[in-house]
1. Take LEU217 and decide whether it is in the same structural domain as LEU39 (by TED's automatic domain parsing), of a type in the set (A, V, I, L, M), in contact with a helix residue (DSSP H, G or I) (Cβ under 9 Å, 6 or more places away or on another chain) and modelled with pLDDT under 95.
2. Exactly one of (1) outside the structural domain of ALA151 (by TED's automatic domain parsing); (2) crowded, with 16+ Cβ neighbours inside 10 Å; (3) touching a Ser or Thr at 6+ places or on another chain (Cβ under 7 Å) is unmet by GLU60. Its number?
3. Would region 20-31 turn up any residue that is touching a Ser or Thr at 6+ places or on another chain (Cβ under 6 Å) and acidic (Asp, Glu)?
4. Just to be sure before I move on: is ILE106 part of a helix (DSSP H, G or I), under 30 Å from LEU187 (Cβ atoms) and at pLDDT 85 or above in the structure I sent?
5. Looking at region 237-254 only, could you name the residues that are over 18 Å from the mean Cα position of the chain (by Cα) and loosely packed, with under 15 Cβ neighbours inside 10 Å?
6. For region 179-224, name all the residues that are of a type in the set (Lys, Arg) and farther than 13 Å from LYS22 by Cα.
7. Checking the condition touching a residue at least 40 places away in the same chain (Cβ under 8 Å) and surrounded by 14 or more Cβ atoms within 10 Å (Cβ to Cβ), which residue from LEU182, LEU208, LEU220 passes?
8. All but one of (1) out of contact with any Gly (no Cβ under 9 Å at 6 or more places or on another chain); (2) within 20 Å of SER165 (Cα to Cα); (3) acidic (Asp, Glu) hold for ASP24; state the number of the condition that does not hold.
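The values are calculated or read from the model by the stated rules, or taken from the named source; none is laboratory data. On a predicted model such as this, the values are computed, not experimentally measured, just so you know. A quick note on method: Cβ atoms are made from the backbone with ideal geometry, for glycine too, and the neighbour counts reach across all protein chains shown.
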Amino acid sequence: MTFTQILKAAFLHIPHLKFVSKADFSKVITILLGATLLLAIPTTLQVIDIFRDVQADSQEIAQTIPDFTIVDGQLHTADDAEGFIYQTNSIIFTFDPQGKRNAADIAADVTGSTIAVGLLKDQLIIHMPASGLSNSLLDSNQLDFDYSEPALKNINGTAIREALSNRSIPWLIKIVVFIVALYPTFLNLLITLLMGTFIATIYTKLKLFPFTFFENLKILIVSAALPSLMSVFVQLILPSFDSSTFILFASLFLFTQGVKNTPKLDMNH
């Protein structure tokens, strides 16, 4: 089959899906990668929305931070300003020039999806909610930075307020978020399709259809193209939509429709 014929089988000619079993796997992989790109879009948009909320809250917090400087790796305020804790919908921020709190205290502040940030006496702490994505990208969901590090040696209140004054999210950040979203999206889709292939193989064996596991996998990958596209549109409206379950069952349904007229194996030979 040509790539155009595979696309037509995926979206227009469902009964032709059975012919995908003989298609070149490199063409089928292209369908899988295309579905991954599509499915990563809703995740990217959701993360960017979170970034916008965090950015707005950060700007609000920035206005409360007094002037300070870093001297010998420690935070010093100009007029011995008192520490405080400031909470918004997305961030719990601690400013502690007196050294009354530590990293464990900052971690304990995290509830639900909030992020805890602490400008402590001798280090900057960023503690993120535990998630599979953060844990897969980082060794821990907590980042500790000593003020002695070159990037933080010249940090001060004015620099923070200026850095957070930009209300737009740079395109580079959006691209990075999209790229990062591709890995878990691809892995989740692949696991869903492998699980579906086991079910599809049981179905074809019971129906005496002459498809191997690998051939069923190719058919199911192409069967997932339309459900993947549909799930993207639904997720843009309902972010909590369970796309994996929908793709699994919708792909299996299209799979059964695509192979149902396949000649059966002759068990007499």
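1. In short, no.
2. Failing condition for GLU60: (2).
3. no
4. Taking the combined requirement at face value, the residue does not satisfy it.
5. PHE249, PHE253
6. LYS205, LYS207, listed by residue number.
7. LEU182
8. Only one criterion in (1) out of contact with any Gly (no Cβ under 9 Å at 6 or more places or on another chain); (2) within 20 Å of SER165 (Cα to Cα); (3) acidic (Asp, Glu) is unmet by ASP24, namely (2).
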